[in-house]
Amino acid sequence: MGQKVNPTGFRTGIMTGWKSRWYASKQEFSDLLVEDKKIRDFVKKRKDRFGKALYPTIAKIEIERTRDEVKVILHSARPGVLIGPKGERVEALQNELQALTGRRINIKIEEINRPEIVAQLVAEDVCEQLAKRAGFRRTIKRAMEQTMDAGAKGIKIQLAGRLGGAEMARREKQISGSIPLSTLRAKIDYGFAEAKIAQGHIGVQVWINQGIYSEDEIDGADAQAGKAPKKPKRSYKR
């Protein structure tokens, strides 16, 4: 039986920083943590009247808190869709989040230059194709080709559910290139999404190897400095 670790949690605090960056006392910590979850769910799961995502192509939501306001950073491949004409959509989202939390919200939108190598966006794209009744093998192959052509070192896609409308649920995966999941220096991006089809839900997991972390990108503690020496500095005789 394989033992699997989420690549994001595995590297958080060592190679990457946290998605929620704030400090709180013990009494407030749990309430603010639940509030962060509500903000993320509201933005990701908000639908329009046709059932489509109101704020699409958001790969990551980061939250920073000060005493006066909550700063919500949205990483999106299509910032123009989020902003809307004359900034109407982002203002509406800001007002809705302020009504939800009761705090002053400041929204910042950052553009993703290469969405083909962002695992969450690839997973959501695969789900969108599956919802349109596209063949799952052809969809996986197309997504992997686009990601590798964009410059990724490797990609792994795994689907689980009633694939192809089969009676029994099963799991299928395809790998292209190199995916060193146990190597901390490897920049592995992970994404998960669910495709809602007539036969039920299909879970889509995507791992993308974006290369090796450079020293400028490491947000966690300096692992090299804190590493234990191989040999003791002094030898003791009995």
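For the reader, a short list of remarks on this structure follows.
- Screening the candidates A53, A59 for the property of being under 17 Å from the mean Cα position of the chain (by Cα) and either modelled with pLDDT under 90 or farther than 24 Å from W207 by Cβ (or both) yields one hit, A53.
- Region 29-67, residues that are exposed (fewer than 11 other Cβ atoms within 10 Å of the Cβ), of a type outside the set (A, V, I, L, M, F, W, C) and part of a loop (DSSP other than H, G, I, E, B): D48, R49, G51, K52, T66, R67
- Subset of region 1-16 [surrounded by 14 or more Cβ atoms within 10 Å (Cβ to Cβ), of a type outside the set (S, T, N, Q) and closer than 23 Å to L74 by Cβ]: P7, R11, M15
- The residues listed here are K231, K173; of these, the one that is within 25 Å of V118 (Cβ to Cβ), at pLDDT below 95 and out of contact with any Gly (no Cβ under 9 Å at 6 or more places or on another chain) is K173.
- Members of region 97-141 found to be assigned to a helix (DSSP H, G or I), under 20 Å from D41 (Cβ atoms) and β-branched (V, I, T), listed by number: T101
- Answer from V81, V90 - the residue that is hydrophobic (A, V, I, L, M, F, W, C) and free of Cβ contacts under 8 Å to residues at least 24 places away in the same chain: V90
- Screening region 17-28 for residues that are outside any strand (DSSP E or B) and not aromatic (F, W, Y) and picking the one that is nearest to L74 (Cα to Cα) gives K19.
The values are calculated or read from the model by the stated rules, or taken from the named source; none is laboratory data. In this text, all values refer to a predicted model and were calculated from it rather than measured experimentally. When we count neighbours, we look across all protein chains shown, and the Cβ atoms used for this are built from the backbone with ideal geometry, even at glycine.
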